[in-house]
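Student: One structure, pasted below without further comment.
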Amino acid sequence: MELKSSLALGSYDVRFIGIWAMGGMGKTTLARVVYNMISKKFEDCVFIEDVREKIEKNGIVPLQEKIIEVLKEKDMKIQEKYDGVLKIYNRLCKKKILLVLDDIDKLIHLEMLAGKRDWFGFGSRIIITTRDKHVLEAHGVDEIYEVKGLYREDSLQLFSSKAFKEKHVQMII
């Protein structure tokens, strides 16, 4: 798997990996599969789905608190977003973390949730899904994985398996 090799799991550096495609291409599903495959290799893991939507509804502080909850510090309150940045840094900088941020649409949100490499301990991996490649480039991620569309036969097979609960479908042309 090309994406898995981009993670360079044997390396001790902190790596940011972007997953980029238009909506509905399976970015979240792909990130979830990778998360489930590699999560045992990390001290702590957190997967935050629908970041854009959650920030629109409740702001960024609850997401910062969720990241800190990884450390089992459930009573830790964040006063405001810059306090959250400091607390994330202070608590995660020595831990090997797997963090997935799904559906990031603004650079400032990425910076407030996973700012710099020194926020995380050696060997940490941060996976970001987005529809906006510029966000990944502006943040300086290590690699950007572009999700490609399925071929006609593969897309029909996937659709049939989900819609009709059938494994094999005959194509009528």
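Student: Give just the number: which of (1) free of Cβ contacts under 8 Å to residues at least 40 places away in the same chain; (2) closer than 22 Å to residue 27 by Cα; (3) in contact with a strand residue (DSSP E or B) (Cβ under 8 Å, 6 or more places away or on another chain) does residue 100 not satisfy?
Tutor: Every listed condition holds for residue 100 apart from (1).
Student: Looking at region 143-165, is at least one residue in contact with a Lys or Arg (Cβ under 7 Å, 6 or more places away or on another chain), open to solvent by 10 Å² or more (accessible area, probe 1.4 Å), in a loop (DSSP other than H, G, I, E, B) and modelled with pLDDT of 90 or more?
Tutor: Pass one, region 143-165, residues in contact with a Lys or Arg (Cβ under 7 Å, 6 or more places away or on another chain): 144, 147, 161.
Checking the rest, the ones that are also open to solvent by 10 Å² or more (accessible area, probe 1.4 Å) come to 144, 147, 161.
Next, only the ones that are in a loop (DSSP other than H, G, I, E, B) stay: 147.
Subsequent filtering for residues that are modelled with pLDDT of 90 or more retains none.
Among the residues of region 143-165, not one is in contact with a Lys or Arg (Cβ under 7 Å, 6 or more places away or on another chain), open to solvent by 10 Å² or more (accessible area, probe 1.4 Å), in a loop (DSSP other than H, G, I, E, B) and modelled with pLDDT of 90 or more, which makes the answer no.
Student: So, one more: If you scan region 98-110, which residues turn out to be among the aliphatic types (A, V, I, L, M) and within 12 Å of the chain's Cα centre (by Cα)? Break it down stepwise before answering.
Tutor: Of all residues in region 98-110, those among the aliphatic types (A, V, I, L, M) come to 98-101, 104, 107-108, 110.
Selection gives 98, 99, 100, 101, 104, 110.
Student: Among the candidates 108, 78, which residue alone is farther than 18 Å from residue 143 by Cβ and exposed (fewer than 14 other Cβ atoms within 10 Å of the Cβ)?
Tutor: On the way: 78 fails: exposed (fewer than 14 other Cβ atoms within 10 Å of the Cβ).
Step by step, each of 108, 78 is checked, and only 108 is farther than 18 Å from residue 143 by Cβ and exposed (fewer than 14 other Cβ atoms within 10 Å of the Cβ).
The values are calculated or read from the model by the stated rules, or taken from the named source; none is laboratory data. What you see is a predicted model; the values in this text were computed from it and never measured. With ideal geometry, Cβ positions are generated from the backbone for all residues, glycine too; neighbour counts draw on all protein chains shown. Calculation scope for accessible area: heavy atoms of the full protein, side chains included, ligands and nucleic acids excluded. Shrake-Rupley method; radii C 1.70, N 1.55, O 1.52, S 1.80 Å.
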